[in-house]
1. State whether the residues of segment 20-31 include one that is at pLDDT 85 or above and surrounded by fewer than 10 Cβ atoms within 10 Å (Cβ to Cβ).
2. Does VAL34 meet the test of being farther than 19 Å from ASN93 by Cα and aliphatic (A, V, I, L, M)?
3. Across segment 100-121, which residue is surrounded by the fewest Cβ atoms within 10 Å (Cβ to Cβ) among those that are assigned to a loop (DSSP other than H, G, I, E, B) and modelled with pLDDT of 85 or more?
4. Residues in segment 36-78 that are charged (D, E, K, R) and surrounded by 16 or more Cβ atoms within 10 Å (Cβ to Cβ): how many?
5. I need the full set of residues from segment 48-89 which are aromatic (Phe, Trp, Tyr) and under 21 Å from GLU24 (Cβ atoms), in order please.
6. Identify all residues within segment 70-111 that are within 23 Å of ASN36 (Cβ to Cβ) and among the hydroxyl-bearing types (Ser, Thr, Tyr); write none if there are none.
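The values are calculated or read from the model by the stated rules, or taken from the named source; none is laboratory data. In this text, all values refer to a predicted model and were calculated from it rather than measured experimentally. Here the Cβ is made from the backbone with ideal geometry for all residues, glycine too, and neighbour counts use every protein chain on show.
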Amino acid sequence: MKEIDQYAILKPMRVTTVDNFQGEENKIILLSLVRNNEEGNIGFLKEENRVCVALSRARDGMYIMGNIHNLVMRNSIWPKIKKVLEEENAIGNALELRCEVHHDQITLVKMHAPFIIYNCT
């Protein structure tokens, strides 16, 4: 029996760091800003030019995963970004996925367990 590659749908996806993405854009960007520490240390995410690169490369949609509370702790960039996102009601605790075939089927992804890639026919 032939084994099905359940991740074949991901092969055209490009995964890269923000540094490698400068000067490029994409239709949809999934941006992971994983920084969790009690000190509020967010590394390169406190540098305005790098934040600009990260936030300006999506043509149609951007989804940012991260700890907004940690990002706003000790810098001047992220509180401004948070304010805009709040005004646009664009902060949530789940990623909404809609089936391209069955438009009424919506999955809210809050953790890795339900995030299973499959082809719907």
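1. The answer is yes, given that some residue of segment 20-31 is at pLDDT 85 or above and surrounded by fewer than 10 Cβ atoms within 10 Å (Cβ to Cβ).
2. Details: farther than 19 Å from ASN93 by Cα: no; aliphatic (A, V, I, L, M): yes.
Judged against the criteria, VAL34 is not a match.
3. Let us first name the residues in segment 100-121 that are assigned to a loop (DSSP other than H, G, I, E, B), namely 100-105, 110-121.
Then keep just the ones that are modelled with pLDDT of 85 or more; that gives 101-105.
Details: VAL101: 9, HIS102: 10, HIS103: 8, ASP104: 6, GLN105: 11.
Checked segment 100-121; the qualifying residue surrounded by the fewest Cβ atoms within 10 Å (Cβ to Cβ) is ASP104.
4. Step one: list which residues in segment 36-78 are charged (D, E, K, R), which gives 38-39, 46-48, 50, 57, 59-60, 74.
Applying the additional criterion that residues be surrounded by 16 or more Cβ atoms within 10 Å (Cβ to Cβ) yields 46, 50, 57.
Qualifying residue count, segment 36-78: 3.
5. Here is the first cut: in segment 48-89, the ones aromatic (Phe, Trp, Tyr) are 63, 78.
Scanning segment 48-89 gives a single hit, TYR63.
6. SER76 - this is the single residue of segment 70-111 that is within 23 Å of ASN36 (Cβ to Cβ) and among the hydroxyl-bearing types (Ser, Thr, Tyr).
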